[in-house]
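Have a look at the structure below before the remarks.
The values are calculated or read from the model by the stated rules, or taken from the named source; none is laboratory data. Note that the coordinates shown come from a computational prediction; the quantities given were computed from them, not determined experimentally. Quick reminder, even Gly has a Cβ in these numbers, built from the backbone with ideal geometry, and neighbours come from all protein chains shown.
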Amino acid sequence: MTRTLQRLVLGGCIALMAGCAIGQSETFTFTADLPPDFVYVAAVYYVPAKGETCTVPTADNKAPVFNYKWREDYKPNAEIPIYRTRNGCPLVVNRIELEIYATYGKDRGDFGSDNAGVSIRYEMDDQYKGTFNAAGESEFHGQCQWRFRTVGLKRRIVKLLDCKGIDAQGNLSRYRPAGAYILGQLPGKTVRMKIKLAEEERPGWGDTWVKVPGGWKRCMGKGFDDQRAYCNGNYTDFSTFRMPDGRSCTIYPGCTE
C-alpha cells in the first residue's frame with residue numbers, strides 16, 4: 001500500500017468514525033493518569049504535510065474530538081492517526097488541545113475545567129522535545145488545584161479548577177500542562193499526561209476568605225446582597241455559606257468548627 005493510499009484510508013476511517021485496521025506505525029496513543037472524578041477531552045488538529053502547497057478549509061478539516069460525551073462515555077486511551085487526507089490534501093497531526101474536567105458535586109454544573117496541550121512539529125530544540133523510554137512511553141506532568149468561591153444570596157460554594165505544568169525539576173510552572181514532540185517520534189508510541197491534585201484548596205481570589213485553624217471563613221462584607229463581599233479589613237464578621245450538597249456551614253471545607 002502506498003503512502004498516499006494509506007493516508008486516504010486513514011482519512012476515511014476518521015470521517016466514518018468506524019473501526020479500521022491501521023498499522024501501528026500510522027498512529028500513536030494518547031492517554032492520561034488523572035485524580036478521581038477527573039476526565040479529559042481531546043481535540044486533534046491537522047495541517048498540510050511538509051512540502052505540500054495545498055490548503056483545506058476549516059469546515060473540511062474539523063478536529064476529531066475524543067471523549068466529547070465525557071459524562072456518559074469516557075475512555076482514557078485515544079488512538080490518534082498521524083496522517084489523514086482532506087480534499088486530496090495530505091495532512092499531518094499538528095497539536096492536541098486538551099480540556100481537563102473535574103466534578104465536585106451532584107448537580108450538572110458542579111464541575112471545573114482548565115486546559116492542557118500537546119504540540120507536534122517536524123523539528124524542535126532538544127531541550128523542549130519530549131523523550132520516550134524503552135517501552136515507547138513518554139510523560140508530561142501537571143498539578144490541578146481547586147479554587148473555591150461563593151455565588152448567590154445563599155453564598156453557595158462553587159469551585160474553579162486551576163492547572164499548571166510541572167517541569168523536569170518538579171517545579172510548578174506558570175503555564176498549562178504541556179508536552180512537545182517531533183512527528184518522527186510518534187509512530188507506535190504512547191504519550192501520557194499525568195496530573196495530580198493539590199492537597200490544599202485555595203480561595204478563588206484574595207481578601208474574601210480568612211484562614212483560621214481548621215479551614216477558611218467567609219467574610220461578611222456588606223451583607224448577603226454583597227456578592228463580592230471583600231473583607232476590607234473586617235476580619236471578625238463572617239457569613240455562613242452553602243456547600244454543594246446543601247449544608248449550611250461556617251468553615252470551609254470542614255463545614256463546622
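Residue-level check: of (1) among the acidic types (Asp, Glu); (2) closer than 30 Å to Glu137 by Cβ; (3) in contact (Cβ under 8 Å) with a residue 60 or more places away in the chain, Glu199 misses just (3).
Tell me, yes or no, whether the range 160-178 has at least one residue that is surrounded by 15 or more Cβ atoms within 10 Å (Cβ to Cβ) and among the polar types (S, T, N, Q). So far as the range 160-178 goes, no, none of its residues is surrounded by 15 or more Cβ atoms within 10 Å (Cβ to Cβ) and among the polar types (S, T, N, Q). Condition first: modelled with pLDDT under 95 and surrounded by fewer than 16 Cβ atoms within 10 Å (Cβ to Cβ). Now tell me which residues in the range 112-128 satisfy that. Scanning the range 112-128 gives Arg121, Tyr122, Glu123, Asp125, Asp126, Gln127, Tyr128. Regarding the range 205-213, can at least one residue be identified that is small (Gly, Ala, Ser), at pLDDT below 95, more than 30 Å from Glu139 (Cβ to Cβ) and in a loop (DSSP other than H, G, I, E, B)? Checked the range 205-213: at least one residue is small (Gly, Ala, Ser), at pLDDT below 95, more than 30 Å from Glu139 (Cβ to Cβ) and in a loop (DSSP other than H, G, I, E, B).
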